[in-house]
Amino acid sequence: MDITIKGLHFSYNGKPVLEEISLSIQKGEIFAIVGPNGSGKTTLLKNISGVLTPDAGAVYLDMKRVTDLSTRDIARHLTAVEQEREVGFDFTVREVVAMGRIPHQGRFARETQKDKQKIREAMELANVTSFANRPIRELSGGEKQRTFLAMALSQEPKVLLLDEPTTHLDINYQIQIMEIVRQQTRTGLTVLMALHDLNLAAQYADRVALLHRGRLLAIGEPKEVLTPSNIRRAFETDVVVGHNPLTNSLYINTVPYRRKVSTPLGKVHVICGGGSGVAVLHALADRFSLSVGVISPLDSDFQAAQRLGAKIVIDAPFAPISPKAYKENLDTMRSSDGVVICDTPFGPGNLPNLRAALELENKVNIYVLNPEEIEKRDYTEGQAAQLVRQLVRSGAVPISSIKELKRCLAVDYCSTDRGVN
Amino acid sequence: MRRSPRGYRRRVFVILLALAAVTLVAGVIVGPVYIPISDAFSYLIGRGTSADGSPSVSYLIISQIRLPRVLLGLLVGCALAISGGTMQGLFRNPLASPYVLGIASGASTGASLIILLNLHGVLFLSLGAFIGGSLAVGIVYQLAQERDRKTSVYTLILAGVAVGALFSAVTSFIIFLSSGTERMTDVIFWIMGGLGRANWTYLYVLTPIVALGSVILIVFSRDLNALAMGEEGAFHLGINPETSKRIMLGVATLLTSSAVAFAGTIGFVGLIIPHIMRLIIGPDHRFLLPATAIAGAVFLVWADMVARTVVQPAELPVGIITAFLGAPFFLYLLKTKKARM
């Protein structure tokens, strides 16, 4: 069943909550409404389900206006699971799921074979059969949510509205619920859900609408809608949007708010790679202006450096460092106040970074993390270890922890007499 | 443990109906004057004259005193219990009673006023009580109306408490005005409730109301199940919560007002019977409401039998007995069944 929303306006106590909402959702689609708290997601769902009546505009199920349908007619086509549903009295799970048949039954009708079958199927799908006879109020949040989903499915809806179906649930239940829903769309069910978890929306929704202060900011596929700029406008926060190779969907990470360094204590260059620099970069970012290199864009340290706004000397992945990158890196290091060598594994590819450090001839302070463990990280048959030992001999400072590194750097760059060490 | 398969439920109903039949006979037999069981049977099956053709003493006692009283007990017990079950369902709260909307206080005020004004007539007292009770609920309902003509159950409960307190104050004032007179005793006894005024006129008025009202509530019992999912939950099951609420509140109010009008404010039946039946038969209102109706009827007649025999030749107000029997039994069930509130 298609849902069409045309020019919908809704206000509550004179205050507009939804303005100019126009949308169409196709049969079999999973459509997610995302947006910050108070942006009107729940109100939009309630306008679609007929719980609320729009002030202007209309919602159509196929060609029929929802407000023209009787409550019972709506319930035969559309159902919804609202947020935080509380059940009065100790109904069992089976009894609750059986209530989904109410729109299809007469007042005193006994359960027909079809009713029984639909109830059984719904309980199987939602995986609640094993506790069918337990009172629903004794269940955990995830079990309750699955029971309500089973109830909704036993209703044989063509449209299912879910308001935050995964809030308060452990991640395994979140995925379970989403997978059940996705499976149902294959038989033509249209699913519309309000989600505040952007990653779940990106992973499961065919299309997404971003709602902001009662207006639609963007509609489309997750990758079109969930862009850093859209998310910044709606949520007023910075995010990094990446690609999750495991699920082939987007993933969205918030970037923690960081105080801008007004006057950095100094310039520090970090030699890292393979994730060894993440902690060091984060530890230094708020006091020093950072540079990193040479590093490939596929390296996880690259992402950390990029996010922290460090200057990055890049080179292509899976290839030895080019002379050009080497030179640029060396120049960057020369203009730095200090160079940190992380406990990075060294192979033929990044070995030139160590050579470059040695070329500084101790004109710049060099700090080496855990030099005594270099053998374990050496994939160059001893060349890297030899270079590190040479560095330490010629005055590089061995450091055993990030805490110590911070302390040393702070001492070196706060006091005037540099280079005492 | 608390599964209610169809066979189990059927057994419960068979037992309840059997109890009702036993109660009818027992209620006629038990009392200060001994009536042989054979007389009771022969009257109940319509052959109540003695051998010489004139009405026997037993016949007169049965037809004029015992039977009307038993029948009134059945009707009032049924009305209070089924209204209580409905209110609990509507408010989704097992502590709701038929008096939650202030009916009892309103009816007491109405009845006290009639007694104070010394108005006589078979139906005057009942009429006064009915008008008082309906007035109280009317005010409460008006107060709880929100925009879109929706009614908030929380406001209903709070308004019920407030309006009830107001009417109670008026009643207290009336008691104060009539202090020292016989009327004060009348007012206090009326408030405590009892079946002593039973007569056939009462029954002719009350029977159709209770019968029709109970049927309507049972017809809407499935809506109460849906409403247990919350008002939005009910809406998504195709039930219009406002319509259902209005009809059920209206009918439950009519039943309670009518019962109170003829028997005073008998407590505990409407609170405890639905609760006990829920523990026995489960929360499905399609079975709970009919079971509650029968159990309430049976319970009130037995409580009345105790009330009229325990301090012979005087009579205790039946409200004392309902509380005395009901409350401990309820606590027992609560403890053993580990029921959740």
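Picking from residues in the range A:49-70 that are under 14 Å from A:P157 (Cα atoms) and not in a loop (DSSP other than H, G, I, E, B), the one that is farthest from the other protein chains (Cβ to nearest Cβ) is A:L61.
Checking every residue in the range B:40-54 against the condition of being more than 14 Å from every other protein chain (Cβ to nearest Cβ), in contact with a strand residue (DSSP E or B) (Cβ under 8 Å, 6 or more places away or on another chain) and not polar (S, T, N, Q) gives at least one match. When A:T263, A:T254, A:T237, A:T247 are checked against the criterion of being at pLDDT below 90, surrounded by fewer than 15 Cβ atoms within 10 Å (Cβ to Cβ) and farther than 30 Å from A:Y204 by Cβ, a single residue qualifies: A:T263.
Set side by side, the residues A:V96, A:V59 differ, and just one is buried (at least 22 other Cβ atoms within 10 Å of the Cβ), closer than 19 Å to A:I33 by Cβ and touching a residue at least 12 places away in the same chain (Cβ under 8 Å), which is A:V59.
I'd like to check something: does the range A:295-307 contain any residue that is in a strand (DSSP E or B), within 18 Å of A:P320 (Cβ to Cβ) and at pLDDT 85 or above?
The first filter runs over the range A:295-307 and keeps only residues in a strand (DSSP E or B), leaving A:295.
From the residues that got through so far, the ones that are within 18 Å of A:P320 (Cβ to Cβ) too are A:295.
Cutting the leftovers down to at pLDDT 85 or above gives us A:295.
Yes.
Annotation for the range B:309-316: no member residue is within 14 Å of chain A (Cβ to nearest Cβ) and assigned to a helix (DSSP H, G or I). Look at (1) farther than 30 Å from A:P352 by Cβ; (2) assigned to a loop (DSSP other than H, G, I, E, B) and you find that A:L265 fails only one, number (1).
Of the residues examined, B:G238 is one that is within 14 Å of chain A (Cβ to nearest Cβ), outside any helix (DSSP H, G or I) and either acidic (D, E) or surrounded by 17 or more Cβ atoms within 10 Å (Cβ to Cβ) (or both). Evaluation of B:T155 against the conditions (1) away from every other protein chain (no Cβ under 14 Å); (2) surrounded by 20 or more Cβ atoms within 10 Å (Cβ to Cβ); (3) not hydrophobic (A, V, I, L, M, F, W, C) shows that the sole unmet condition is (2). Of the numbered conditions (1) facing chain B (nearest Cβ under 9 Å); (2) farther than 15 Å from B:N225 by Cα; (3) crowded, with 20+ Cβ neighbours inside 10 Å, A:V128 fails exactly one; give the number of that condition. Going through (1) facing chain B (nearest Cβ under 9 Å); (2) farther than 15 Å from B:N225 by Cα; (3) crowded, with 20+ Cβ neighbours inside 10 Å one by one, A:V128 breaks only (1). When the residues of the range A:158-186 are filtered to those that are among the polar types (S, T, N, Q) and without any contact (Cβ under 8 Å) to a residue 40 or more places away in the chain, the one that is nearest to A:D62 (Cα to Cα) is A:T166. In the range A:84-114, the qualifying residues are those that are more than 7 Å from every other protein chain (Cβ to nearest Cβ), touching a Leu at 6+ places or on another chain (Cβ under 9 Å) and in a helix (DSSP H, G or I), and the one that is farthest from A:K144 (Cα to Cα) is A:V97.
For the structure I just gave you, tell me whether A:T332 is buried (at least 16 other Cβ atoms within 10 Å of the Cβ), at pLDDT 90 or above and not aliphatic (A, V, I, L, M).
Numbers: buried (at least 16 other Cβ atoms within 10 Å of the Cβ): yes; at pLDDT 90 or above: yes; not aliphatic (A, V, I, L, M): yes.
So A:T332 passes the test.
Among the conditions (1) of a type outside the set (A, V, I, L, M); (2) buried (at least 18 other Cβ atoms within 10 Å of the Cβ); (3) touching a Gly at 6+ places or on another chain (Cβ under 9 Å), A:N230 misses just one, which is (3).
For B:L119, state whether it is part of a loop (DSSP other than H, G, I, E, B) and either in contact with a strand residue (DSSP E or B) (Cβ under 6 Å, 6 or more places away or on another chain) or on the phi < 0 side of the Ramachandran plot (or both). Walk me through how you get there before you give the answer.
Working: part of a loop (DSSP other than H, G, I, E, B): yes; either in contact with a strand residue (DSSP E or B) (Cβ under 6 Å, 6 or more places away or on another chain) or on the phi < 0 side of the Ramachandran plot (or both): yes.
Spelling it out, B:L119 is indeed part of a loop (DSSP other than H, G, I, E, B) and either in contact with a strand residue (DSSP E or B) (Cβ under 6 Å, 6 or more places away or on another chain) or on the phi < 0 side of the Ramachandran plot (or both).
At pLDDT 90 or above and more than 25 Å from B:F324 (Cβ to Cβ): which single residue out of B:A144, B:A165 fits that description? Before you say what the answer is, go through the steps one by one.
Numbers: B:A144 fails: at pLDDT 90 or above.
Every option except B:A165 fails the conditions.
Looking at B:V140, B:V100, which one is surrounded by 24 or more Cβ atoms within 10 Å (Cβ to Cβ), free of Cβ contacts under 8 Å to residues at least 60 places away in the same chain and not small (G, A, S)? Spell out the reasoning first.
Values: B:V100 fails: free of Cβ contacts under 8 Å to residues at least 60 places away in the same chain.
It is B:V140.
Please tell me if A:A80 is touching a residue at least 24 places away in the same chain (Cβ under 8 Å) and touching an Asp or Glu at 6+ places or on another chain (Cβ under 8 Å).
Values: touching a residue at least 24 places away in the same chain (Cβ under 8 Å): yes; touching an Asp or Glu at 6+ places or on another chain (Cβ under 8 Å): yes.
Yes; evaluated as a whole, the condition is true for this residue.
Among all residues of the range B:172-191, there is at least one that is outside any helix (DSSP H, G or I) and either crowded, with 23+ Cβ neighbours inside 10 Å or of a type outside the set (S, T, N, Q) (or both).
Consider B:L289 carefully, then state whether it is modelled with pLDDT of 90 or more and away from chain A (no Cβ under 14 Å). In short, no.
The values are calculated or read from the model by the stated rules, or taken from the named source; none is laboratory data. Remember, it's a predicted structure, so these values are computed and weren't measured experimentally. Please note: Cβ atoms are built from the backbone with ideal geometry, for glycine as well, and neighbour counts cover all protein chains shown.
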